[in-house]
Structures are given as structure tokens and as C-alpha cells.
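> Sharing a structure with you now.
The values are calculated or read from the model by the stated rules, or taken from the named source; none is laboratory data. Keep in mind that this is a model prediction, so the values were computed, not measured. Here the Cβ positions follow ideal geometry from the backbone for every residue, glycine too, while neighbour counts run over all protein chains shown. Ligands, DNA and RNA are excluded from the accessible area calculation, which covers all protein heavy atoms including side chains. Shrake-Rupley method; radii C 1.70, N 1.55, O 1.52, S 1.80 Å.
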Amino acid sequence: MALPQSSISVSKELHSKQEAVESPTDDYDEDYDDDEDVPSQEKPEISDNALLGTNLLTKSYVEKARPSEQVTLKCEVSNPTSQTIILWYYKDKPIFQHRAKLTSDPRYTLNTDFSLQIDNVQLVDEGPYSCQLLPNNKTIKIELQLLTPPRDVHIMHGNKIINDSVEVHQRDRKFILFCSAKGHPTPQTTWSYRGRHLDEEYSRQIGIVLRKEFLEFHEVKINHAGDYECLAQNGMGNPVTRTVTVVVKDDSSEELEDDDAESSNVTAPLDKGSPVIHKHSGYINTAIGENVEMVCLYESNPAPRKIKWFRDDELLQPVAGQTIITNDRHNHHDRTRLTLRNVQQKDLKAYYCKIENDLGDVASKTIIGMQPGGAHLVHSNYSSNGLLNTWWKVHSLQQITEMQVLYRGENTKYATVNAEYSSHDHNQDGYTWTIHKSIRLPQGVWYVTARARNTEGWTSAESLPHKFEVPDNIQVASIGGSSDGHRTLPVLPSVLLLLLVPFVKSLVY
């Protein structure tokens, strides 16, 4: 039997109310339409396949920093879940296992984004770090390098460090000196022999093969005896030098020693040959009325029969209270000294010390003048804005009026730029002046030197050029911090920033 229309309406209304009780609408769904399907509010269970979205975004890299800075080693993770576990290691030793700290060092902190923070970073913190993601078992490696001046600089022969001198035999083959230096960036090394820079041409002239930090003697000769200096620099802090003395033994003298030892146990003199001058000043700045001392350090066997000093071609004789010649010994070298008192204009000339023995002679030259002395590099570094900063010292009794820095590429001529100085740039003795200059150089190899002018003229002494290898990413050297102490952060592309937003939200919430 058909129901009345009013009964149908009541039944439909009761049915609607029952559905409303069983499936109540959310408060925010005010625009709900009866004709639309209601989406399910239930959340699906997380399956193991969902973990495939969790991965390491950071790739293995090198982090550079300066001592005492705060360093953050990155370990970015996409879609971290409650099952994500991060492990940090230093040299395979665990530091953090998820949020559990496994080291007592208070300087280590694990940040909420899984990065590892190290406060007051020190040299002992250098080395390999690794971040491992579980359960994916993915790992990245980060090499932490501290930007430090040259350290542990040694001159070595084989595996032995030479602290003072090394003895070799004349006509020995394949004798090698090696200059070892640590630091970041890797220090560049240059060699000098008897105070003169060993470039390729000079090395070839004296029979030495120059291979960066190596000096190779394919056949040792008597003229190879003397002082060898290695200078290590990397733009961080002051350059470091080490000096060794190479003593060349005459093979014939050693054979004579063996024969005499068998017969009479008397040791014959060793190292016979022409005298060798190890060190002298090529130029000395002075002024009228001042006193000057010139020194020549030498070795001679047999003993010298004559020690002479010349002014140009004039043989000098001691004059009481005016010209004094002293022959004595200093450290492991013999030396001869010429002292001039109350220098006058006529004394501003070239002087020679000449040492003679029965097997030959040797001489060295020193110029006395009133122009500034040679410029010596005392400090250099790279700043984060791409500048090479250099500091030089110049000796001058006279007022400095102008200073310049000169630089050239491997196949270019020197370019000159004026350098800054002031009356406060000289030391307490009033005679040592400081040159400071910053130069913006593109990537490549550069040779840089400096000179000064005083009231008497420009520097007449030769200033050895210093080699700099400017990297194409100078700013990388300041990732750990800028020159003003502020950290330099990498700039991320905007697309990558947008992609990272949901990952950051998931970490925060």
C-alpha cells in the first residue's frame, strides 16, 4: 500500500538525521553540499615504501675554517620520519648516535637539522667526518681543513730531518734535499743558495735540478757546499724559513785519511778545496756620520793564507779608530768583519771580502749606500673578497717618501702600484719601515716584490720576487669565516629553497 506523502517526508528526514549522527560534519566544512561526496578523514598507515622518500641531500665535500671559529658540518635529510636515525663519526669514532652524544667534548653539538656544530675549532679537529643515514644506510664524508700558516717546516735528506748541517761526498750521485711543510692551503716552497734565490736559470748554472720542494744533485761538486734556505708560505700568517749547511767532503782527502789512519792513526784534514763564503749582505743602508759593519761568513780548508778587504779596487788596511778588520769565528763558520766609523761620502762604494787558500780564492760584494735597503716579505694572506694582502719591511735611516709593490704573471712584465705607508709604519729603531699593499689578482701564478724611495733615491738592492698561486676560488678559503670575523654562507638557488620548505616544516612540526 502506498504511504502518504507526509510519511515519506518524515522518514527521509529521520534517515538524514541518523546519517548526520553517524557521520558528523567538521566545523570548518560550512559549505557542505548534500549532493557532493564526503572525502574520508582517515589517514593511511605508513608503509615501508614511504621510507624511499628519505635520503641524504648533502654530497661529500671539503669544509675550510680558521682556528677558533665555529664550524657547521652539513647533513641535510629529505623527508625525515620518526624512523630516521643519523650517526656522526670522526675518524671512524662515533660522536652522535641519533640524539645520543657519545663524546665528552662539550664543543660538539647536534643541531635539529642533523648538522654537526663544532665550537672553537682547533688543529686537532682536522680530518675526515662522516654522516650516516639509517635505515637507508647512506653515508657522506666531509674533510675538515683548518686554514693555518705553514707549520712543521723541515729540510730533509731521505727520511732524516736536517737540523743544522749534512755531509756529502764529492761526486756523490742523486743527493736530494726535500723541504717538507704542512698547512692549509698547501704551502708553496722556494729555495735560496748562499742568500740568492734559486730559480731555474741559477739552478742550472750551478748544476742543481730544482723540482718545487726538491733539490736534486745528480753529481755533487765542491761548489755545492754552503747554506741552503727553504721558505714556505701559503698566504696565512708569516712565511717560515729553514736553513741547512751542506758540507762537501773531498774524496781524495778521505782516501788519504784512510791510508794515514792505517799507518799512524793521524786524521788528515777533510773538505779540502777553495774557500766558500756562506753569507754576506749585498747592500747596507747608511747615512753620513754613521758606523757600518760588513760581515762575511766562510769556510776554508786548508786554512786561509790571506783575508783581504777591498773598496772598489783599493786594498783596505786597518786604520785606528776608522777602519777595523776583525777575523774570528761565529757559530760553525769562520768570519771576517770590516767596520767603518764615521762614514763619509767617499765611503759610499762597493766593498769586497776576499778569502784565499792554497787551492783557490773566493770573493763577495757589499754595497754601502744611502738609498733604502731591499724589501723583505714578512706577512701575506688572501681576504674573502679576492685580495692578496702583503706586508713588507724596508730598512732606511732616511725618511721614506714613496713605496711601491711590483707584480707580474709568468709571461708578463712587471706592473707597479703605489703602496700605503705613514710615519707610524716604522719600528722603534726608527729605521725599519713597513709597506702594506692589497692587490686584486685573477687566478694564476704571480710574482710579487716591493721597493721604496727615500730622500736619496729608490731601493738599489735586489728584492727577490715571491711566488703566489692565486686559486680560482679564493672565497672558498673563507667558508669558515670572513676577514672581519663574520661567517660566509653559501647562497642557495631559489628553486632549491622552495624544495626545502616542506622538509624544514617537517623538522619543526
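> Each residue of the stretch 235-241 in order: what ³J(HN,Hα) in whole Hz does its phi give by Karplus 6.51 cos²θ - 1.76 cosθ + 1.60, θ = phi - 60°, with x for Gly and Pro?
The phi angles translate into x, 10, x, 7, x, 10, 10 Hz.
> For a quick check of understanding: with a 1.4 angstrom probe and all protein chains in place, what accessible area in square angstrom does Glu469 have, to the nearest ten?
80 Å²
> Using alpha carbons only, what's the Rg to Rh ratio of the stretch 146-229 with Rh from Kirkwood? Each step should come with its number before you reach the end.
Numbers: Rg = 13.3 Å, Rh = 13.6 Å.
Result for the stretch 146-229 is an Rg/Rh of 0.98.
> Can you work out the Karplus-derived ³J(HN,Hα) for every residue in the stretch 151-167? Use 6.51 cos²θ - 1.76 cosθ + 1.60 with θ = phi - 60°, whole Hz, and x for glycine or proline.
Running phi through 6.51 cos²θ - 1.76 cosθ + 1.60 with θ = phi - 60° gives 9, 6, 7, 9, 9, 10, 10, x, 9, 9, 7, 9, 8, 9, 9, 9, 9 Hz.
> Stick to the Cα atoms of the stretch 279-400, pair each with every other, and give me the Kirkwood hydrodynamic radius in Å at one decimal.
Numbers: mean 1/r = 0.0608 Å⁻¹.
Its Kirkwood hydrodynamic radius stands at 16.4 Å.
> Per-residue counts of other Cβ atoms within 10 Å, averaged by peptide: what ranking do you get for 300-307, 73-80, 134-141, highest first?
On the way: 300-307: 15.5, 73-80: 18.9, 134-141: 13.5.
Ranked from most to least packed, the peptides come out as 73-80, 300-307, 134-141.
> Along the charge dipole of the stretch 79-124, which of Gln83, Asn120, Ser104 sits closest to the positive end, that is, farthest toward it, with unit charges on the beta carbon of Lys, Arg, Asp and Glu (+1, +1, -1, -1)?
Final value for the positive-end residue is Ser104.
> A further question follows. Can you check what the net charge comes to around Asn327, using other residues whose Cβ is under 15 Å from the Cβ of Asn327 (Lys, Arg +1; Asp, Glu -1)? Intermediate results must be reported in sequence, preceding the final value.
Working: positive: Arg305, Lys306, Lys308, Arg329, Arg335, Arg337, Lys354; negative: Glu293, Glu299, Asp328, Asp334, Glu356.
With Lys, Arg at +1 and Asp, Glu at -1, the neighbours total +2.
> Also, I was wondering about something else. Taking Lys221 as the anchor, which lysines have their alpha carbon closer than 27 Å to its alpha carbon, excluding any fewer than eight residues away along the same chain?
Answer for Lys221, where 27 Å is the Cα cut-off: Lys160, Lys174, Lys212, Lys249, Lys272, Lys279, Lys306, Lys308, Lys354, Lys365, listed by chain and number.
> From the Cα trace of the stretch 187-256, what convex hull volume per residue do you get, rounded to a whole Å³? Provide the component values of the computation, followed by the final result.
Details: hull volume 6.0 nm³, N = 70.
Cα-based convex hull of the stretch 187-256, divided per residue, equals 86 Å³.
> Ordered by residue, what ³J(HN,Hα) values in Hz, to whole numbers, does the stretch 387-395 give under the Karplus form 6.51 cos²θ - 1.76 cosθ + 1.60, where θ = phi - 60° and Gly and Pro are x?
Along the stretch 387-395, the couplings run 9, 8, 9, 10, 10, 10, 10, 9, 9 Hz.
> Taking amide H positions as placed in the peptide plane 1.01 Å from N, state which residues far from Val77 in sequence (5 or more) or on other chains have amide H under 5 Å from it.
Counting only residues 5 or more places away or on other chains, the set is Leu57.
> What is the local net charge at Leu338, summed over the other residues whose Cβ is closer than 14 Å to its Cβ (Lys, Arg +1; Asp, Glu -1)? Before the final figure, lay out the partial values.
On the way: positive: Lys308, Arg311, Arg335, Arg337, Arg341, Lys349, Lys354, Lys365; negative: Glu293, Asp312, Glu314, Asp328, Asp347.
Result for the local shell: +3.
> Sticking with this structure for a sec: In terms of solvent-accessible area of protein heavy atoms at a 1.4 angstrom probe, what is the ranking of Glu200, Glu299, highest value first? Can you show the working numbers first?
Details: Glu200 135, Glu299 60 Å².
Reading off the accessible areas and sorting them downward yields Glu200, Glu299.
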